[in-house]
Amino acid sequence: MGSKKYDELANRVIDLVGGKDNISYFTHCVTRLRFNLKDKGLANKGELDGLSGVIGTQWSGDQLQIIVGQQVGEVYAAICYRSGLAREDAIDENLDSNLTGKRDFSPRHMFDLFFDTLSGIFAPFIPAIVSCGLLQGVLYSIQTFGWISADSVEYNFFYTCANTAFYFMPVLIAFSAGKRFKCNPYVAAALGAVLIHPTFTGMSGETIELFGVIPITFANYSSTVVPAILTVYVASWIERACKKVVPAMLDIIVTPFVTFLVAAIIGFSLLAPAGNFLGTFVAEGILWLYTSLGPVGGAICAAVYPFMLATGMQVAMSPITVQNLATLGYDFIYPCTAASNAAMAACALYIFFTAKNKNIKSIGSSTGVTALIGVTEPVFFGLIAKYRKAMIATIIGGAAGGVVMGLFTVQYLSFGFVPFGTLPLAMTETFPYYMIGVCLSMVVAVISMRVLNFTDEE
């Protein structure tokens, strides 16, 4: 009989590999469940990656391997019991020695772990971002054609609806991060909500001292990524520490209270400001690169933009854009962003046309379209962050377009959605170079995906 502790995980795994009837052979090794499936397209690798108790998944030839760590024997037994599958002899092989022995702190491993974590946090609420992003694109398009006035009640209503998922991003991130870091997701969501509470947002720029010794400088953390993730990560450690010392009968009261209180203080006083400072520092560095190195700076700006998107640092670019618009009448950073977004869109559409997994194809089509409009969080966290080759192709493609943007100091007239969501804002004397840069980014990204021999089974 399987352990009831893993019944829920067993049921979800069975469903997400396509059901019992899709399993032709099932065994395990020291850390991995190993499935040979009749139809690989029925396996939902994205959702498997997001399951609590699953460390990661990968295809090895025709075999789907699900990494669960030292408890693999118990999980295997639970799956066999729940599905009625015959038990097979375990394979004496450990492909994940770092899970049971010395941890791997190599740069490559830490890089992969970072983006796997981000992708796992964002993947569950990508549909919310896609829907709001599409609404934003439609709204800006019909405004551009003069079919709706920006002063109308209809525009205000739909604009507010379209902005909801982005404004409340810290809450969505916090809830998902709570599940990822295995702490109470509702306490985590409350911590995300605290970061954007209207009272604290209204105090942006003000500094107080808690108990006369803990300085807290408030800021507007709406649409940010890093503050919520760091705060919930710390909360997960606080919660685990509480559970070790708090008596079981008091756990439901004491543990959430202590976790919320301590994490909120640490988040506001240290973690959130650190994320903001880092974002500002990177933004100023990008501005210096562009103004000092011309086309090389443009290439670097476009190449590093996905990493800014991953951490929410793109928000720190807004003051620079405001300054450029006020002093020059146009912004020159947006076109570099357009090159990067175009490269991500091209990679997503390439994946749509070449992927064998139906779920991945669906993500490729939907996120590719929203990326063309100018909403790239879904494509980045749904695809680019998951596939190393797609990330490389995005960097190369973005850099190629960034060279053109920097070489001709391509102009963009206001805040908008690039590359094509608010295209009229690019229609200055440099518009031909804008289109050349965007198209070059897409072509180079597709060529890179082809040369790298990208497949969705890696």
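The values are calculated or read from the model by the stated rules, or taken from the named source; none is laboratory data. For clarity, every value in this text was computed on a predicted model and none was experimentally measured. Methodologically, a virtual Cβ is constructed for each residue, glycine included, from the backbone with ideal geometry; neighbour enumeration extends over all protein chains shown. To get the accessible areas, we keep the full protein, side chains included, count just its heavy atoms, and leave off ligands, DNA and RNA. Shrake-Rupley method; radii C 1.70, N 1.55, O 1.52, S 1.80 Å.
Assign one of three labels to the range 1-90, namely rounded, prolate or oblate, based on the Cα gyration tensor with a ≥ b ≥ c the square roots of its eigenvalues; rounded applies when a/c is under 1.5, prolate when it is not and a/b is larger than b/c, and oblate otherwise. In terms of gyration-tensor shape, rounded. Here's how it looks for residue 28: its modeled amide H is under 5 Å from those of 34, 91, which are all 5 or more places away or on a different chain. Quantify, in whole percent, the carbon and sulfur part of the accessible surface of the range 282-342 (1.4 Å probe; protein heavy atoms only). Summing carbon and sulfur atoms, their accessible area is 70 percent of the total for the range 282-342. Around the Cα centre of the chain, unit charges on the Cβ atoms of Lys, Arg, Asp and Glu (plus for the first two, minus for the last two) sum to a dipole of about 800 debye.
Peptides 322-332, 170-180, 419-429, ordered by how many other C-beta atoms sit within 10 Å of their residues on average, highest first, read 170-180, 419-429, 322-332. Relative to the longest principal Cα axis of the chain, at what angle does helix 126-144 sit, 0 to 90 degrees, rounded to 10? The helix 126-144 is inclined about 20 degrees to the chain. For the range 345-458, with all protein chains in place and a probe radius of 1.4 Å, 71% of the accessible heavy-atom surface sits on carbon or sulfur. Pairing the Cα long axis of helix 185-195 with the longest principal axis of the chain, what angle in degrees results, from 0 to 90 and rounded to the nearest 10? The answer is roughly 20 degrees. Normalising by residue count, the range 298-376 has a Cα convex hull of 87 Å³ per residue. For the chain, the solvent-accessible area of protein heavy atoms averages 46 Å² per residue (probe radius 1.4 Å; ligands and nucleic acids excluded). Dividing the radius of gyration of the alpha carbons in the range 395-458 by their Kirkwood radius gives 1.08 for Rg/Rh. Note on the range 177-331: dipole from Cβ charges, positive end direction compared against 188, 201, 227; the farthest Cα belongs to 188. Taking the accessible area of the range 134-262, probe 1.4 Å, and keeping the other protein chains in place, the carbon and sulfur fraction comes to 71%. Highest average first, the peptides 57-65, 271-279 ordered by how many other beta carbon atoms sit within 10 Å of their residues are 271-279, 57-65. The angle separating the long axis of helix 107-122 from the principal Cα axis of greatest extent in the chain is about 90 degrees.
In order along the range 70-76, phi translates into HN-Hα couplings of 5, 7, 4, x, 5, 5, 4 Hz, rounded to whole numbers, per the Karplus curve 6.51 cos²θ - 1.76 cosθ + 1.60 with θ = phi - 60° and x for Gly and Pro. For trypsin sites (Lys or Arg not before Pro), no site in the range 200-298 is both called loop by DSSP and has at most 10 other Cβ atoms within 10 Å.
Write out the trypsin sites (Lys or Arg not before Pro) in the range 350-435 meeting two conditions: DSSP loop, and at most 16 other Cβ atoms within 10 Å of their Cβ.
356
Cysteines in the chain lacking any other cysteine Cβ under 4.7 Å from their own Cβ: 29, 80, 132, 161, 183, 242, 347, 439. For a 21 Å ceiling on Cα separation, which of these pairs sit above it: 45/358; 40/361; 182/244; 20/389; 38/386? Going by Cα-Cα distance, 20/389; 38/386 fall outside the 21 Å limit.
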